[in-house]
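Here's the structure we're looking at; comments come further down.
Every read-out reported here was derived from the displayed coordinates using simple, explicitly stated rules and does not represent laboratory data. This is a predicted model, so every value here is computed, not measured. Cβ: placed from backbone, ideal geometry, glycine included. Neighbour counts: every protein chain shown.
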Amino acid sequence: MKTTRCFILTLITFVTLAFVPNSFAQNEVNTAPAYVVRLAYVLPKDREAQPDIDAKLDALIKATQSFFANEMERHGYGRKTFRFEADANGNAIVHHIKSTQNDEYFQNWTGDPQAMRNYFGEHFNLEKYIFLEANDVSKERLGYGSFCGFWGGVASIPASGECFDVSVAAHELGHGFGLTHNFYDNSYIMSYGAHRDRLSACAAEWLDVSPYFNPDKVVTRNRNTSVELLSNSFDAAPPHALRLRLEISDSDGLHQVQLITIDENINYSEYMDCRSLRGVRDIVEFEIIADVTAVELKVIDKSGNIMRTVFDISDTVIPSSLVVEIPDANLASAIRDTLGTTLNDPITSIALSRLQTLSAIRLGITDLTGLERAVSLRNLNLASNRISDITPLKNMTRLVHLNLQHNQISDIAPLKKLVRLESLYLDNNNLIDDIMPLSDMARMRYLQLPSPLLTDITPLSRMTRLVELYIGKNQISDITPLSKMTQLESLNLSNNQIIDIHPLSELTNLKELNLHNNEISDVRPLLRLSNLNRTWIWGNPIIDREPLVTLLRRNPEVKIYHKKGGDPLPVTLSRFKAVQTGSGAFIKWTTESEVDNAGFYIYRSPTKGGEFKVVNPIMIRGAGTTGERNEYTWTDTTAKPNTVYYYRIEDVSHAGEREKLATVRLRGFVSASGKLTTR
């Protein structure tokens, strides 16, 4: 095992740049106090500057500063946070930089990791400052329009769009403070999760001694840290852990060491573990269960100095391992495909222990025996097989994503210890009546769990970070356990026995809500759901539809489906009928609700695919906006007896917008009820 040691400088792929500074003098750029975050606005030469960019960056950096203060306080370190360069009024100073390159150049950079540091290093002392630069690119993304941010010695984000965000700014600045990617929890700010809003305990402890979080500390930069490998060993038994025992010393006093896995081929690193350190000398041990070729020991001392030591993991320390029998040939084939081995190659215990992702869909798998050796799996997809026994999964505690839908599973007790799960799909299995094994899965974000036997969802109450939840087709009546799930964006409760939906009134992030086929009569709680885009409520005994109309007034874009197979509000047509009488064709129709409906026109055609022409010269007046049922009639006196006609009805808004609602067929003297055609 080979070691190298150097002062930390993490460089991720960035862009070649050429800049012309236009808002600062050369002798002023290094006058800010040491260890502060400074702001820059980079403008391509062919784009107009945002007039309010200084105010936007001021708001962003202050919100990011508050995020770190809140999280440090949550971890018990007080409201520690970084400082930023500000004027006498406390407003952020923004350095405007006009680039000599155009917008297209920034959208298609190929990545020169040193260019950004080279430029900023010419004008600023990057040993004393971290820069957060906002790049004004039209696609509002960096690097071929793919990335929200970069760390290349400078924290870079787009100057507008969804990536101009506290979580992105905090993530990139986190790299500047010495933090590494951490994917153990998608809520961690150093992950790639969609809802990053937390610092890990190790990250907070690390920042506690950072000079950026301790403005009154006198910092002496040095490289006094030493790391010595005392021993390394490899467990012959599963899960084949590589064990490192190390001695770490630093005359300034030790604070923390982090174990980082690295891939030097793609310049990528990821957090694995950490240890708190004490005194000027300490001995630590790490256990590694992952398929890695090198690891990094990153140490921060009490003065905030950071040193890293890289160990190349030689294959010579890895012993030969036993062959694992996989009785199910289809499962064995999927594993070999993932490992890149041939049919004749044995599947070894060591190979399985290093496996992190396995997808084996629609392969007819019935037996998971042998898969229990894959203890490092993070992503496992076994959908659409014939699996009934999932006992081999019980110790896969590193699993984050698990898909078991379309199998024959009834007992989910083996999932009890998989508390790192963030997504779990169990739909279309046998009858699952006990979900207590899921009760400790507080990290869950995506869950599908339909089962005709499920009545009590109390075990889900700790899943307050859920974003999507599908528990339709059950026998649920009490949804109180959902009341704290305020991050929910999509919720399916269809085909249950729910009467009271008041527990949903605080779930204001909901965008999609499916409630069809329940026993709901009062829909007033929906009025609180200001972000709702679509809701399905047909098949409920709703007494008063007025709250639905109010919801539409507040948000005209929301789609409310309250008739199976029909159109969403604003105008819902429940009946359209044509009857031949002695005086002509008698047309009758019924609406269940109307929004901004000025009136109706009736069209007629001799064939279904022919040209429809208006037959009522004067628009039939509508009810405007109402949640009440209305019935309408009109007679086409020009209709000839014993003649085939097709009638079509159209509603018109007060703004003149028209919508075709339905078509009905009339033949001779026979009454014909039309099948409503949805748009």
(Q) What is the ratio of the Cα radius of gyration of region 185-233 to 2.2 N^0.38 Å, with N the residue count, to two decimals? (A) 1.66
Q) Between N597 and residues 5 or more places away or on another chain, which pairs have amide H atoms under 5 Å apart, with H built 1.01 Å from N, and which residues are they? A) G624, T625
Q.
Tell me whether region 352-426 comes out rounded, prolate or oblate; compute the Cα gyration tensor, take square roots of the eigenvalues as a ≥ b ≥ c, and use a/c under 1.5 as the rounded threshold.
A. rounded
Q) Residue by residue, what Karplus-based ³J(HN,Hα) values in Hz, rounded to whole numbers, does region 651-666 have, using 6.51, -1.76 and 1.60 with θ = phi - 60° and x for Gly and Pro? A) 9, 10, 7, 5, 8, x, 6, 10, 9, 6, 9, 6, 10, 10, 10, 10
Q | Cα gyration tensor of region 572-673 - equivalent ellipsoid semi-axes, whole Å, descending | A | 23, 14, 11
**Q.** For the chain, size of Cβ-based charge dipole, Lys and Arg +1, Asp and Glu -1, in debye
**A.** 2000 debye
Q. Which Cα, out of N642, T572, S583, lies furthest along the positive dipole direction of region 572-673 (beta carbon charges, K/R +1, D/E -1)?
A. N642
(Q) Rounded to two decimal places and with Rh computed the Kirkwood way over Cα pairs, what is Rg over Rh for region 457-562? (A) 0.93
**Q.** Proxy reagent accessibility, fewest Cβ within 10 Å first, across Y271, Y601, Y77
**A.** Y77, Y601, Y271
Q.
Let me test this: with uniform point scatterers at the alpha carbons of region 137-290, what is the Debye-based log₁₀ I(q)/I(0) at q = 0.11, 0.12, 0.14 1/Å?
A. -0.55, -0.65, -0.85
Q.
Run the Debye formula on the Cα coordinates of the chain, all scatterers equal and no solvent, and tell me log10 I(q)/I(0) at q = 0.08, 0.12 1/Å.
A. -0.83, -1.28
Q: Arrange V227, V137 by Cβ neighbour counts within 10 Å, fewest through most, would you?
A: V227, V137
Q) Once amide H atoms are placed 1.01 Å from N in the peptide plane, what residues at a sequence separation of 5 or more from H181, or on another chain, have their amide H within under 5 Å of its amide H? A) Y271
Q.
I'd like the Karplus ³J(HN,Hα) series for region 39-52: coefficients 6.51, -1.76, 1.60, θ = phi - 60°, whole numbers in Hz, and an x wherever there's a Gly or Pro.
A. 10, 9, 10, 9, 10, x, 5, 9, 10, 7, 5, 6, x, 10
Q. By the gyration tensor of its Cα atoms, with a ≥ b ≥ c the square roots of the eigenvalues, what is the shape of region 331-379: rounded for a/c under 1.5, prolate for a/b over b/c, or oblate?
A. rounded
Q.
Give me log10 I(q)/I(0) at q = 0.13, 0.16, 0.20, 0.21 Å⁻¹ for region 354-506, Debye formula, one equal scatterer per alpha-carbon, no solvent.
A. -0.56, -0.84, -1.27, -1.38
Q. In degrees between 0 and 90, to the nearest 10, how far off the longest principal axis of the chain does helix 329-339 point, with axes built from Cα atoms?
A. 50 degrees
Q) How would you rank E519, E657, going from fewest to most other Cβ atoms within 10 Å of each one's own Cβ? A) E657, E519
Q: Collect residues whose amide H, placed 1.01 Å from N in the peptide plane, falls under 5 Å from the amide H of N91; neighbours closer than 5 in sequence don't count.
A: none
(Q) Modelling each spin label as a point 7 Å along the Cα-to-Cβ direction, I'd like the R629/E285 distance in nm, to one decimal. (A) 7.6 nm
Q. Excluding A329 itself, what net charge comes from residues whose Cβ is under 13 Å from its Cβ, given Lys and Arg +1 and Asp and Glu -1?
A. -3
Q) If you take the alpha carbon radius of gyration of region 494-538 and divide it by 2.2 N^0.38 Å, what ratio comes out, to two decimals? A) 1.04
Q) Residues with beta-carbon under 9 Å from that of P547, excluding P547: net charge, scoring Lys, Arg +1 and Asp, Glu -1? A) -1
Q) How large is ³J(HN,Hα), in whole Hz, for each residue of region 77-83 in order, when computed from phi with the Karplus curve 6.51 cos²θ - 1.76 cosθ + 1.60 and θ = phi - 60°, using x for Gly and Pro? A) 9, x, 8, 6, 7, 7, 9
